[in-house]
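Report on the following structure.
The values are calculated or read from the model by the stated rules, or taken from the named source; none is laboratory data. It should be emphasised that the depicted structure is a prediction, and the values quoted were computed from it without experimental measurement. Cβ sites come from the backbone with ideal geometry, for glycine too, and all protein chains shown count toward neighbours.
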Amino acid sequence: MTGGAIGKEGRVSRQKAARWRARYLQKGLAGLLKDKAGRGRPAKIKAEQKAEVVRRTLEETPEMATQWSTRARAGLELR
């Protein structure tokens, strides 16, 4: 199957399908299941900071409100 046929069936670009096909031929299914390291934008906040935001939104109530809004959560100071 060509990259173009794979792309059409999977609704992705021909180039992306060709990269997937090459990874599959080189590494088998394992090559498709894990993205290459360094792909995507680097995280702006650390995992610990994410966990802190989640903990605070679940356990605390914001001042002068009964529930968190998106803007109020965005304004949380991270340590």
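Quick notes on this structure:
- Where helices (runs of 4 or more DSSP H) fall entirely within the range 18-79, those with at least 3 residues that are farther than 24 Å from Lys8 by Cβ and charged (D, E, K, R) are at 47-59.
- No other residue among Arg73, Arg21, Arg55 is modelled with pLDDT of 85 or more and surrounded by 11 or more Cβ atoms within 10 Å (Cβ to Cβ) apart from Arg21.
- Filtered residues of the range 1-17 (kept if part of a helix (DSSP H, G or I) and not polar (S, T, N, Q)): Gly3, Gly4, Ala5, Ile6, Gly7, Lys8, Glu9, Gly10, Arg14, Lys16, Ala17
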